[in-house]
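Undergrad: Sharing a structure with you now.
Throughout, read-outs are computed from the coordinates displayed, never taken from laboratory work. All of these numbers come straight from a predicted model, not from anything done at the bench. In this analysis, Cβ positions are derived from the backbone assuming ideal geometry, glycine residues included, and neighbour counts consider all displayed protein chains.
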Amino acid sequence: MIGIKGIETIEIRGTKEDEIIEVIDLINSVFRTGRGGLPHTMEKEFPLLLTSENAENMRIIKEDKKIISVVNFRPQKILIEGVPISTGSIGAVCTHPDYRGRKYSSKVLGDVERRMKEIGINICLISSTRNLYKNWGAESVKNCRRYEVLASHLDLKYTVREYKEDDLVSLKKIYNSCGTRYLRIGTDFEILIDSGTFPFGDTSYKRYVLEDKSDVRGYVILKKTDENVEVKEAGGEKSEIFGALGFLGTQLGINKIEYILPHGEIAPTGYHGEVEELSGSLKIIDFKGLIDELRPYFRQYITAKEVKFLVVKEIDGRYELSLGMEKLEIESHKELLKLIFEKKVERKEKNMDRGKLEKFINLVFPLPFPWTENLNYQ
């Protein structure tokens, strides 16, 4: 509760079961019907985010018995070369037009950060880069490369056809074979293959599989707008995916298809991509918690003894990373993100004693991370 004597108090809290429809109506009024009269579809596009099972993480402000601001997030695990880390994805953030300019969303973000720390989330992913999030401390990072695959007439050794429901298990196995990915459990994949490709406005999707005589080899999901066609998600051998994209460009009558590969995924020989930012922005909620979760990942590159002597500190918005007697001082959260996701280190002699620590940084950073605007873009 926030308020003073004689004035209506406002509540910042999770959504109650009987308030979910009101929250979704507010979100649709801002993001769909309020933007050119688009259909009321947000709950269909983001069913894992906007659902009763996630109600406690749909954080609201209620004033005058009316829900007027909401920040939604979904806890989920991301695997980094097989090692799980705890993340929270923020989306569908809005305030009723009559109540804007009062910094309500900022107030709810503060509550969201408290909630994330409470349930052990160490890094936050946000589907936007607007000033609301920058003021909160979130930043964009360059952790992937954008490729343009031109339409071609390659003689493929496999068939490219449209996806059918019978292909679902094959797609799951292909997706799960990747060590760096969002962890999809239960019926997540079944839900996302439909909701993550739900059309709205001028945006539509096409789903394809790559198949030979024996089995499904890969899959491609394309996002189409009036401006371009890009890969929403793909799985399988990269050379075969790039070949399929060239073929699909010809079949669809378009010159090129854009494909973003995260750090650690390698394009076939002859393709030279441009450095690209991860979609949206990120904020590290708990630096020590993140490093602790990443220790099994580090142990794949350095000895268990060295990992044991890795120490992190966070003091008044500054950070330290130490390995034995060697120490790196990190001046800000922005610099910390650049270190972890871009491997950019301020080359100041006072900042780092070079040696094992620098070797460690070169081995483990930039952190491999999945493309954030895939089917899990909640």
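Undergrad: In the stretch 297-332, what GluC sites (Glu not before Pro) fall in a loop by DSSP, with at most 13 other Cβ atoms inside 10 Å?
TA: On the way: sites: Glu306, Glu314, Glu320, Glu326, Glu329, Glu331; in loops: Glu331.
Listed in order of number, the matching sites are Glu331.
Undergrad: In addition: When a/c is below 1.5 the answer is rounded, else prolate if a/b is larger than b/c, else oblate, so apply that to the stretch 235-378 with a ≥ b ≥ c taken from the square roots of the Cα gyration tensor eigenvalues. Working shown, then result.
TA: Numbers: a/c = 2.53, a/b = 2.21, b/c = 1.14.
In terms of gyration-tensor shape, prolate.
Undergrad: Work through the residues other than Lys224 whose Cβ is under 9 Å from its Cβ and net out their charges, Lys, Arg +1 and Asp, Glu -1. Write down the numbers at each step before the final one.
TA: Working: positive: Lys206, Lys223; negative: Asp202, Asp226, Glu230.
Charge balance in the 9 Å sphere: -1.
Undergrad: How many Å³ per residue does the convex hull of the Cα positions in the chain occupy? Don't jump to the answer; show the numbers that get you there.
TA: Values: hull volume 61.4 nm³, N = 378.
It comes to 163 Å³ per residue, whole-number rounded.
Undergrad: Report the one residue of Phe247, Leu222, Ile257 whose Cα lies farthest in the direction of the positive end of the charge dipole of the stretch 144-277 (charges on C-beta: Lys and Arg +1, Asp and Glu -1; origin at the Cα centre).
TA: Checking the options against the dipole of the stretch 144-277, the answer is Phe247.
Undergrad: What three numbers, in Å, describe the spread of the alpha carbons of the stretch 285-364 along their principal axes, ordered from the longest?
TA: 29, 28, 22
Undergrad: Which residue fluctuates most in the GNM of the chain (Cα springs below 10 Å): Ile68, Ile119, Ile78?
TA: Ile119
Undergrad: Where nothing but the Cβ of Lys and Arg (+1) and of Asp and Glu (-1) is charged, how large is the charge dipole of the chain around its Cα centre, in debye to the nearest 20? Write down the numbers at each step before the final one.
TA: Working: 59 positive and 60 negative charges, 200 e Å.
In debye, rounded to 20, the chain gives about 960.
Undergrad: Ok, one more. So if we plug the beta-carbon distance of His272 and Ile315 into 1/(1 + (r/R0)^6) with R0 = 30 Å, what FRET efficiency do we get, rounded to 0.05? List each step's numbers first, then the result.
TA: Numbers: r = 42 Å, r/R0 = 1.41.
For His272 and Ile315, the calculated efficiency is 0.10.
Undergrad: Do any of Lys157/Lys213; Lys142/Lys283; Lys103/Lys134; Lys44/Lys103; Lys308/Lys334 go past 18 Å between their Cα atoms, and which?
TA: Values: Lys157/Lys213 10 Å; Lys142/Lys283 14 Å; Lys103/Lys134 14 Å; Lys44/Lys103 28 Å; Lys308/Lys334 26 Å.
As for pairs spanning more than 18 Å Cα to Cα, those are Lys44/Lys103; Lys308/Lys334.
Undergrad: Arrange the peptides 109-118, 54-63 so that the one whose residues have, on average, the most other Cβ atoms within 10 Å appears first. Let's see the in-between values first.
TA: On the way: 109-118: 17.6, 54-63: 21.3.
Peptide ranking by packing, descending: 54-63, 109-118.
Undergrad: Compute the signed sum of charges (Lys and Arg +1, Asp and Glu -1) over the other residues within less than 11 Å, Cβ to Cβ, of Leu125.
TA: Numbers: positive: Arg74, Lys283; negative: Glu373.
That sum, taken over residues with Cβ under 11 Å, equals +1.
Undergrad: Mind listing which trypsin sites (Lys or Arg not before Pro) in the stretch 169-246 are in a DSSP loop and have 15 or fewer other Cβ atoms within 10 Å? Display every interim value, and only then the final one.
TA: Details: sites: Lys172, Lys173, Arg181, Arg184, Lys206, Arg207, Lys213, Arg217, Lys223, Lys224, Lys232, Lys238; in loops: Arg184, Lys213.
Answer in residue order: Lys213.
Undergrad: Determine Rg/Rh for the stretch 11-140; Rg is computed over alpha-carbon atoms and Rh is the Kirkwood hydrodynamic estimate from the same atoms. Please list the in-between numbers first.
TA: Working: Rg = 14.5 Å, Rh = 15.1 Å.
Across the stretch 11-140, the Cα-based Rg/Rh ratio is 0.96.
Undergrad: If I model a spin label as a point 7 Å beyond the Cα along the Cα-Cβ vector, how far apart are those points for Glu237 and Ile185 in nm?
TA: Placing both labels 7 Å beyond Cα along the Cβ direction yields 3.4 nm.
Undergrad: Let me ask you something else. R0 = 35 Å: FRET efficiency of Ser106 with Glu162, Cβ-based, nearest 0.05? Could you put the intermediate results ahead of the total?
TA: Working: r = 45 Å, r/R0 = 1.28.
Computed FRET efficiency for Ser106 and Glu162 comes out at 0.20.
Undergrad: Can you give the calculated 222 nm mean residue ellipticity of the chain, where each DSSP H run of n ≥ 4 adds -39,500 (n - 2.57) and the sum is split over every residue, rounded to the nearest 500 deg cm²/dmol? Don't jump to the answer; show the numbers that get you there.
TA: Numbers: 11 runs with 106 residues, N = 378.
Rounded to the nearest 500, the figure is -8000 deg cm²/dmol.
Undergrad: Could I ask something else about it? Rank Val312, Val108, Val209 by mean-square fluctuation in a GNM of the chain with C-alpha springs under 10 angstrom and give only the top-ranked residue.
TA: Maximum among the listed residues: Val312.
Undergrad: Which of rounded, prolate, oblate describes the stretch 228-303, given a ≥ b ≥ c as roots of the alpha-carbon gyration tensor eigenvalues and a/c under 1.5 marking rounded, otherwise prolate only if a/b is larger than b/c? Can you show the working numbers first?
TA: Details: a/c = 3.33, a/b = 2.07, b/c = 1.61.
Prolate is the answer for the stretch 228-303, as a/c is 1.5 or above and a/b outweighs b/c.
Undergrad: R0 = 41 Å: FRET efficiency of Glu265 with Lys66, Cβ-based, nearest 0.05?
TA: On the way: r = 46 Å, r/R0 = 1.13.
So the FRET efficiency works out to roughly 0.30.
Undergrad: Would you mind classifying the stretch 144-277 by shape? Square roots of the alpha carbon gyration tensor eigenvalues, ordered a ≥ b ≥ c; an a/c under 1.5 is rounded, otherwise it is prolate if a/b is larger than b/c and oblate if not. All intermediate terms of the calculation are to be shown ahead of the outcome.
TA: Working: a/c = 1.24, a/b = 1.19, b/c = 1.04.
Here the stretch 144-277 falls in the rounded category.
Undergrad: Still on this model: Using label points projected 7 Å from each Cα along Cα→Cβ, tell me how many nm separate Glu17 and Ala304, to one decimal.
TA: Result: 4.7 nm between the two label points.
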